[in-house]
1. Would you point out the residue of the stretch 16-30, among those that are assigned to a loop (DSSP other than H, G, I, E, B) and either touching a residue at least 24 places away in the same chain (Cβ under 8 Å) or surrounded by 15 or more Cβ atoms within 10 Å (Cβ to Cβ) (or both), that is farthest from ligand 2 (Cβ to nearest atom)?
2. Could you check how many residues of the stretch 59-84 are part of a helix (DSSP H, G or I) and touching a residue at least 12 places away in the same chain (Cβ under 8 Å)?
3. Condition check: at pLDDT 90 or above, under 23 Å from residue 202 (Cβ atoms), buried (at least 20 other Cβ atoms within 10 Å of the Cβ) and touching a helix residue (DSSP H, G or I) at 6+ places or on another chain (Cβ under 9 Å). Does residue 95 satisfy that?
4. Given (1) part of a helix (DSSP H, G or I); (2) at pLDDT 95 or above, where does residue 114 come up short, assuming only one miss?
5. I need every pair where a residue in the stretch 175-200 that is without any contact (Cβ under 8 Å) to a residue 12 or more places away in the chain has its Cβ under 9 Å from the Cβ of a residue that is in a strand (DSSP E or B) and buried (at least 16 other Cβ atoms within 10 Å of the Cβ), sequence separation at least 6 or different chains.
6. Where residues in the stretch 31-55 are farther than 22 Å from residue 95 by Cβ and within 7 Å of ligand 2 (Cβ to nearest atom), which of them is surrounded by the most Cβ atoms within 10 Å (Cβ to Cβ)?
7. If we keep just the residues of the stretch 104-123 that are out of contact with any strand residue (DSSP E or B) (no Cβ under 6 Å at 6 or more places or on another chain) and surrounded by 14 or more Cβ atoms within 10 Å (Cβ to Cβ), which is farthest from residue 211 (Cα to Cα)?
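The values are calculated or read from the model by the stated rules, or taken from the named source; none is laboratory data. Remember, predicted model here, so these are calculated numbers, not experimental data. So basically every Cβ, Gly included, is an ideal-geometry build from the backbone, and we count neighbours across all protein chains shown.
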Ligand SMILES: [Zn+2]
Ligand SMILES: [Zn+2]
């Protein structure tokens with residue numbers, strides 16, 4: 001359907017190309033330099049490939065692995081902004097293709113996709129959730145179901161009767177699973193990962209709901225310059 005609406009044009013340069021990305025643009029797209037094997041954040045002093053960064057060694061995140069297809073830098077940042085705020089959905093198949101390549105490399109054990117949910121008022125304002133849009137073609141390519149019962153929630157659960165750790169989680173839990181999770185190895189999907197806090201929160205909620213492992217796959221990773 002989308003292929004017919006935008007036939008054989010690269011989404012980045014507009015040149016004729018089979019699919020949605022020409023060879024030159026695909027080659028030129030920025031990637032995360034020296035990524036941590038766990039959280040994907042660039043490591044300042046590169047060690048062996050896939051080594052965990054100092055932060056992950058001290059305090060491992062709840063997800064076992066995060067991967068981004070690209071670095072959040074030009075032209076990826078501009079494309080993702082126009083996808084999210086300018087309704088430029090023609091980027092979706094191109095990004096889904098890149099996500100699928102990364103999925104095959106790193107997440108073949110995943111058994112379901114979890115798009116990071118939007119607040120309902122944000123969804124109402126935007127009319128779509130970019131993470132869910134990316135999940136649809138990715139789910140089809142990977143043959144995986146999309147988990148639809150994870151929601152953003154207001155932080156209004158009562159604190160009484162919770163121990164310190166549970167209180168901390170409760171305060172920070174912006175997500176909730178309604179009913180049964182229905183998968184063991186969910187893969188969180190989003191457009192951009194910045195600090196990673198959203199994905200950490202969502203991963204904790206999925207683990208609390210019975211997930212055995214949680215992975216994170218994003219189109220881009222915003223690298224902290226340190
Ligand atoms: Zn191109
Ligand atoms: Zn790390």
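1. Here the residue is 17.
2. Qualifying residue count, the stretch 59-84: 6.
3. On the way: at pLDDT 90 or above: yes; under 23 Å from residue 202 (Cβ atoms): yes; buried (at least 20 other Cβ atoms within 10 Å of the Cβ): yes; touching a helix residue (DSSP H, G or I) at 6+ places or on another chain (Cβ under 9 Å): yes.
For residue 95, the condition - at pLDDT 90 or above, under 23 Å from residue 202 (Cβ atoms), buried (at least 20 other Cβ atoms within 10 Å of the Cβ) and touching a helix residue (DSSP H, G or I) at 6+ places or on another chain (Cβ under 9 Å) - is met.
4. That leaves (1) as the condition not met.
5. none
6. Here the answer is 36.
7. If we filter the stretch 104-123 for residues that are out of contact with any strand residue (DSSP E or B) (no Cβ under 6 Å at 6 or more places or on another chain), which is where we start, we get 104-105, 108-109, 111, 118, 120-123.
The next check asks that each one be surrounded by 14 or more Cβ atoms within 10 Å (Cβ to Cβ); those that pass are 111, 118, 123.
Numbers: 111: 10, 118: 21, 123: 26 Å.
Of everything passing the filter in the stretch 104-123, 123 is farthest from residue 211 (Cα to Cα).
Okay, residues lined up against (1) surrounded by fewer than 20 Cβ atoms within 10 Å (Cβ to Cβ); (2) more than 30 Å from residue 45 (Cβ to Cβ); (3) modelled with pLDDT of 95 or more:
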position: 125; (1), (2), (3): yes, yes, no
position: 145; (1), (2), (3): yes, yes, yes
position: 151; (1), (2), (3): yes, yes, no
position: 163; (1), (2), (3): yes, yes, no
position: 194; (1), (2), (3): yes, no, no
position: 203; (1), (2), (3): no, no, yes
